[in-house]
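Nothing in this text is a laboratory measurement; each read-out follows from the coordinates by a stated rule. Predicted model only: the values in this text are computed from it and were never measured. Glycine also receives a Cβ, built like all others from the backbone with ideal geometry; neighbour counts cover every protein chain displayed.
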Amino acid sequence: MHERPLKILIVDDDASIRDMLSIVLKKEGFTIDTAENGRTFLGKIKKNPYDLVISDIKMPDINGIELLKKIKQVNPQIPVIMITAYASTNDAVLAMKYGAEDYIIKPFNIEELKILINKSIRQRDMEIENLRLKKELMGQKGIFQNMIGKNPAMLEIFKLVDNIADTDSSVLISGESGTGKELIARAIHNKSNRNDKQFVSVNCGALPADLLESELFGHKKGSFTDAYRDKEGLFSVAHRGTLFLDEIGEMSPAMQVKLLRAIQERRIRKVGDSLEQDVDVRIISATNKDLSESKRKKEFRDDLYYRLNVISIHLPPLRERRDDIELLTYHFLDKYNQRMGKSIRGFEDDVLESFRQYAWPGNVRELENCVERAVALEKGETIRLASVPREVAYSIADHPGKTPDLRQLLAQGSFDYNRYIESLGQDIIREAMKMAGYRQKKAARLLNLSYRSLRYLLDKYQIKKSPD
């Protein structure tokens, strides 16, 4: 909704057209101003903030192209709709190349003109919003070392990274998959006094224990089958730099002992070697597990936990920083527009609403994939609901006044009834948790479920268990 009536300037030397359009568009709630020639138009466009201009392409003292140039000099974001006779259609097409939003041929249908006006204003609003978000991204509160966010929790994390970057303290970053843990690790390294050395990353959950040991510490030729030559370990590669141990919670107990020794003594030994070497690395680790719970269950060593968790950073899931969703969405739109050579302007309202309502279990990574997919599939100027994944589109189905166009969903040709019902079920569970004050036993009674079944569903759909 706009805070003030939108103001339209009608430029035409035909008084009957000016009067007719003024009467019709005032009934639609617009504020109308008129100009009968180029001289009057120039005086008004320089002094008044118009939201849209409707102009005849043939004027006694100015042609459509010159008129467009004058408008774009004053404000390049004012949309212009050209009125043209059938014989001058080529001029109208040329005018669009120079920045006109659209054109309509005389004699025109007033309902068609209303559609063009509303479409042009929506497009202008999208461009203004896109520019606003870009400015916000360029500001200190928008983008930080490739991390994007204005949510208070994220701003506190950015501040913490600034404060700890130049220390050598170990950092443990926790958070769900897709929240950007490696980006934070890289930000710490890039702002540290080690940034002229290597940032080395290894996923501890992707390798079996014996291969992980070789990866971290290196090995001597012939120390095991397929060890055809000496290999430098990642500790050595990261010497005087930063070693990022992703998914540290997946490390085997035996490897935990060896890692602890390397951190404590700042010395490593290659597999199959009798000699040790000194290493100077800063350790940053990350996990999507609750390591304190793993420690309690004796799945993770206490002493290693305390060595790694000198400074802790917890990244909130995207569903807990919804005020960042639109900022991220337009950032990814710009990114994939450039990558794919497209010029999509923005998103339809129901798409943005579905993004706001969706739970984003895959977090920022899932949002980026969703936007990339939409940009790849979309053939028009704006992203439509049909171009986003079904589970995202279905997310607004159970919100009054925010129901998606089910005909559009069905028209996609692959409507998934079970997925749709599953999405509704997740929303019902969330509402029950809110009504129960996040007391799970009470929520289970409201849903007529067993306590165990509710806990299973909360974990399965990653539904938050507390209001914080």
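So what is the relative contact order of the chain, in percent, for Cα pairs below 8 Å that sit 6 or more residues apart? Provide the component values of the computation, followed by the final result.
Details: 705 pairs, mean separation 48.6, N = 468.
Over the chain, the number comes to 10 percent.
Is segment 147-316 best put as rounded, prolate or oblate by its Cα gyration tensor, with a ≥ b ≥ c the root eigenvalues, rounded for a/c under 1.5, and otherwise prolate when a/b is larger than b/c, oblate when not?
Prolate, since a/c reaches 1.5 and a/b exceeds b/c.
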Here P(r) for segment 7-137, Cα-Cα distances in 5 Å bins, as whole percents, is 2, 11, 22, 25, 21, 12, 4, 2, 1, 0
How big is Rg to Rh over segment 348-393, alpha-carbon atoms, Rh as the Kirkwood inverse-mean-distance radius? 0.93
State the volume of the convex hull built on the alpha-carbon positions of segment 54-124, expressed per residue in Å³ and rounded to an integer. 75
May I ask which of K106/K379; K289/K460; K26/K114; K27/K97 have a Cα-Cα span longer than 20 Å here? K106/K379; K27/K97
Going by a ≥ b ≥ c, the root eigenvalues of the Cα gyration tensor, does the chain fall in the rounded group (a/c under 1.5), the prolate group (a/b larger than b/c) or the oblate group? prolate
The residues Y358, Y228, sorted from fewest to most surrounding Cβ atoms within 10 Å, come out as Y228, Y358
When a/c reaches 1.5 or more, the comparison of a/b and b/c decides; with that in mind, is segment 1-70 rounded, prolate or oblate per its Cα gyration tensor? oblate
For segment 209-266, state the semi-axes of the equivalent ellipsoid (square roots of 5 times the eigenvalues of the alpha-carbon gyration tensor), sorted largest first and rounded to whole angstrom. 20, 15, 10
As a test of the formula, what do you get for the chain when each DSSP H run with n ≥ 4 contributes -39,500 (n - 2.57) and the sum is divided by the residue count, at 222 nm and rounded to the nearest 500 deg cm²/dmol? -14000 deg cm²/dmol
